[in-house]
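What follows is a short report on a single structure.
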Amino acid sequence: MNSKLLQSIPIILALVAVLVLAQPNKLSLIMGSLIVFAGEAIRVWASGHLIRNEEVTTSGPYAYLRDPLYLGRFLLLIGFCTMAWGYNWIVLLVGLGVFSLYYMPRKYRKEMARLEGIFGEEYTAYASYTRSLLPRLRPYPRARKRPWRFDLFWKENREQYFLLGTAAFFLLVVGRYFCC
């Protein structure tokens, strides 16, 4: 079986659990929506700056933190569980545990080694200044000043698929408020 498919199974099960356990109310929908919006906005902003394997990306959100796409994903997890409310604190705790204890350390090890191998000291200097998920107040001193680019968002990073999936799941959670 394809490894990407196997990796998707726990995510699909978690999404189903969020919907099954969902008991949203007006406040949870408002608060969770704000967090979801922030998470997806960070992902869209980051994907319009990221040029994979060609440079150490330091423009846009990458000037303030190393992993804005992961921060966006983290906020989506919190936001959707907040929106859905009910017993989703269980999904949130499990999700935060998996994210913190498995996903981020694994990504950190693999990605840091890969990027240090490609970019050497340039990446090491950048990584030593920026934090992974907690933005700095001051940008990286050698940050590039480059505008957000639609072609990077759409063609290079294909973030539109993640955005569509996020919007669809958002509507499903909101739908639980109106139908159940």
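Every read-out reported here was derived from the displayed coordinates using simple, explicitly stated rules and does not represent laboratory data. This is a predicted model, so every value here is computed, not measured. As a convention, Cβ positions derive from the backbone with ideal geometry for all residues, glycine included, and neighbour counts pool all protein chains shown.
When both the stretch 1-79 and the stretch 95-150 are represented by their alpha-carbon centers, they are found 16 Å apart. Here's how it looks for residue 85: its modeled amide H is under 5 Å from those of 23, which are all 5 or more places away or on a different chain.
Candidates 120, 157, 97 compared by Cα position along the dipole of the stretch 67-169: farthest toward the positive end lies 120, with charges placed on Cβ. Computed from backbone phi, the HN-Hα couplings of the stretch 75-84 come to 5, 5, 4, 5, x, 5, 5, 5, 4, 6 Hz, rounded to whole numbers (Karplus: 6.51 cos²θ - 1.76 cosθ + 1.60, θ = phi - 60°; Gly and Pro given as x).
Rg and Dmax over the alpha-carbon atoms of the stretch 1-89 stand at 15.6, 46 Å. Along the stretch 161-176 the Karplus relation, 6.51 cos²θ - 1.76 cosθ + 1.60 evaluated at θ = phi - 60°, assigns HN-Hα couplings of 5, 5, 4, 5, x, 5, 5, 5, 5, 4, 5, 5, 5, 4, x, 4 Hz to successive residues, with x for each Gly and Pro. Shown in residue order for the stretch 112-125 are the 3J(HN,Hα) couplings computed by the Karplus curve 6.51 cos²θ - 1.76 cosθ + 1.60 at θ = phi - 60°: 4, 5, 5, 5, 5, x, 7, 10, x, 4, 4, 6, 4, 5 Hz (x for Gly and Pro).
Farthest towards the positive end of the charge dipole of the stretch 24-179, among the residues 75, 31, 88, is the Cα of 31, using unit charges on the Cβ of Lys, Arg, Asp and Glu. Amide H to amide H distances under 5 Å link residue 49 with 149, where only residues 5 or more positions off or on other chains count and H is placed in the peptide plane.
In terms of distances greater than 27 angstrom between alpha carbons, the cross-link table entries 4/145; 4/26; 26/155; 4/110 yield 4/145; 4/26; 26/155. With contacts taken as Cα pairs under 8 Å at a separation of at least 6 residues, the chain carries a relative contact order of 35 percent. Computed about its Cα centre, the charge dipole of the stretch 24-179 is approximately 160 debye, with only Lys, Arg, Asp and Glu carrying charge at their Cβ.
Quick one: Cα convex hull volume of the stretch 51-180, Å³ per residue?
Output value, Cα hull per residue: 123 Å³.
Between amide H atoms placed 1.01 Å from N, distances below 5 Å from residue 146 occur with 60, all of them 5 or more places distant or on a separate chain.
Axis angle, to the nearest 10 degrees, between helix 3-21 and the longest C-alpha principal axis of the chain: 40 degrees. Multiplying each eigenvalue of the alpha-carbon gyration tensor of the stretch 48-115 by 5 and taking the square root yields semi-axes of 28, 15, 7 Å, largest first, rounded to whole angstroms. Over all other residues within a Cβ to Cβ distance under 14 Å of residue 70, the charged ones net out to +4, with Lys and Arg as +1 and Asp and Glu as -1.
Only counting other Cβ atoms within 10 Å, I'd like 40, 116 sorted with the fewest neighbours first.
On the way: 40 21, 116 14.
Arranged by neighbour count, lowest to highest, 40, 116 become 116, 40.
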